[in-house]
Amino acid sequence: MPNANLLSHSVKAMKPSATLESAQLARDLKSQGRDVISLATGEPDFPTPAHIIEAAHKAAVDGKTKYSPVNGVPELRAAIAAKLKLDNALDVDVQNIVVCSGAKQVISNAFIATLNPGDEVIIPAPYWVSYPELVSMLGGVPVVAQTDGPRFILSPEELEKRISPRTKWLLLNSPSNPSGATYSDTELKELGKVLQRHPHVLVMTDDIYEYLVYGDTTFATLAQAVPELADRTLVINGVSKAYAMTGWRIGYAAGRTELIKAMCKVQGQLSSAPNMVAQYAAAAALNGPRTEVRNFVRTYDERRKISAAILNATDGLSCTLPDGAFYLFPSCQNILGKKTQQGKVIDTDAAFATELLNSEGVAVVPGSAFGGLLVFSAISDGTKS
Ligand SMILES: Cc1ncc(COP(=O)(O)O)c(C=O)c1O
């Protein structure tokens with residue numbers, strides 16, 4: 001077969017994950033002996049808490065090593081239903097919950113289950129790099145909604161402007177990767193008023209950073225803030241970020257029956273089911289004490305303050321303190337136009353990121369990959385604080 005025909009149109013059009021690409025570049029340089037600090041991916045540097053690992057060990061010893069039910073083991077779905085009740089005051093039947101291999105697969109399954117070519121998905125910028133790529137891959141159209149700094153919160157007016165008869169989904173991520181933007185209950189209610197005028201729009205709330213909020217910030221989720229929208233909201237969450245469990249690959253969603261059933265149909269064909277042992281570990285995480293999560297949050301909070309202060313003391317950089325998640329989203333606007341020691345003009349955020357890696361050995365992701373300026377995922381990595 002000639003090479004030109006090897007790959008699909010959708011894969012050819014797809015951008016590789018900018019965060020994973022930067023992380024790989026840092027690893028490659030490290031393997032060549034360079035001293036490189038990688039601030040590219042959002043990954044807790046803590047080990048998974050011991051009681052969670054013990055639960056996984058017990059599950060394996062007890063023979064929980066077969067295929068799982070497609071929608072997830074009952075013990076984990078019960079733990080998720082209890083969590084949604086306790087934290088979010090949501091009454092969700094265990095039948096309306098699906099467990100997947102990470103929140104990323106939850107989002108993919110939901111898009112595969114619902115998007116037809118030309119369907120639009122509204123994505124507030126700055127956004128997590130995977131959202132628009134997943135939409136485009138399936139023939140959908142990412143519609144980027146603009147937000148303004150310092151808080152990067154989607155306004156009701158901007159939302160209204162972006163809704164069309166082809167809108168299928170609004171994708172809300174709070175706290176946000178990469179800006180840390182965290183919507184208050186009042187802000188969600190304002191967006192809810194707009195959404196209630198457009199009953200054809202479904203909403204995905206990616207709540208993966210729910211527990212990672214700082215200072216006076218409190219977490220709110222749309223299905224709780226506006227119960228009238230609960231029936232058309234897919235609540236997405238997972239254990240990766242909160243419990244330092246990125247490698248276990250467990251995420252989940254709660255939503256209306258026909259949507260969850262369709263997502264299970266997709267999952268049954270794509271991956272059969274999520275990892276069985278990891279599901280028991282996730283159940284132990286959700287049912288267990290939150291002491292360690294609180295300790296993680298305290299550490300991220302300290303790092304957030306220290307890192308933002310350092311950035312603000314650096315000529316040309318400015319950074320607001322994020323309300324949530326574990327990223328910093330500093331602007332390098334005032335560096336653009338300056339020259340490197342070799343006389344090369346830094347004209348974009350990507351050029352600045354390249355210079356930072358080449359001259360200082362620090363890998364970051366250019367903010368343009370997220371629809372913003374320059375982002376460091378600095379505070380998730382304890383070795384750098
Ligand atoms: C906003 C957001 N959603 C989802 C994910 C993926 O989470 P998981 O590890 O559960 O697939 C990430 C990971 O970086 C993220 O930043």
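The values are calculated or read from the model by the stated rules, or taken from the named source; none is laboratory data. Worth saying up front: this structure is predicted, and the values here are computed from it rather than measured. A quick note on method: Cβ atoms are made from the backbone with ideal geometry, for glycine too, and the neighbour counts reach across all protein chains shown. Remember, those area values only see protein heavy atoms, side chains included, never the ligands or the DNA or RNA. Shrake-Rupley method; radii C 1.70, N 1.55, O 1.52, S 1.80 Å.
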For the stretch 74-137, compute Rg over Rh where Rg is the Cα radius of gyration and Rh is the Kirkwood radius from the inverse mean 1/r over Cα pairs.
1.05
Cα to Cα, under 21 Å, and not fewer than 8 places away if on the same chain: which lysines meet these conditions relative to Lys85?
Lys189, Lys241
Per residue, in Å², the accessible surface of the chain once ligands and nucleic acids are set aside, probe 1.4 Å
45
Run the numbers for Leu86 and Ser10: contour at 0.36 nm per residue of separation, minus the present Cα-Cα distance, in nm.
23.2 nm
Using a ≥ b ≥ c from the Cα gyration tensor of the stretch 260-324 (square roots of the eigenvalues), is it rounded, prolate or oblate, where a/c under 1.5 gives rounded and otherwise the larger of a/b and b/c decides, a/b for prolate?
oblate
Packing-ranked peptide list from 146-152, 223-229, highest mean Cβ count within 10 angstrom first, is 223-229, 146-152
Sequence-distant residues sharing a close amide H with Leu202 (under 5 Å, placed H)
Trp169, Leu170
Percent antiparallel among DSSP beta bridges confined to the chain, rounded to 5, stands at 40
Over the Cα atoms of the chain, Rg to Rh with Kirkwood Rh, two decimal places?
0.96
Full-extension gain between Thr314 and Asp216, please, as 0.36 nm times their residue separation minus the C-alpha to C-alpha distance.
32.6 nm
Stretched out fully, how many nm does the piece from Thr186 to Arg298 gain, at 0.36 nm a residue minus the Cα gap?
37.7 nm
Along the Cα-to-Cβ line of Ser31, 7 Å from the Cα, sits a label point; which residues in the stretch 226-265 have backbone N less than 19 Å from it?
none
Helical contribution to [θ] at 222 nm, DSSP H n ≥ 4, -39,500 (n - 2.57), averaged over the chain, rounded to 500:
-11500 deg cm²/dmol
Let's test this: bin the Cα-Cα distances of the stretch 86-186 at 10 Å from zero up to the farthest pair and state each bin's percent.
14, 40, 37, 9, 0
Sort 335-346, 292-303 by the packing proxy (mean of other Cβ within 10 Å over each peptide's residues), most packed first.
292-303, 335-346
Between the stretch 221-286 and the stretch 1-41, what is the separation of their alpha carbon centroids in Å?
28
Run down the lysines and flag those whose C-alpha is under 20 Å from the C-alpha of Lys58, throwing out any fewer than 8 positions away in its chain.
Lys66
Projected area, mean over directions - the stretch 29-107, Cα convex hull, nm²
8.6
First select every other residue whose beta carbon is under 13 angstrom from the beta carbon of Met14; then total the charges, Lys and Arg +1, Asp and Glu -1.
0
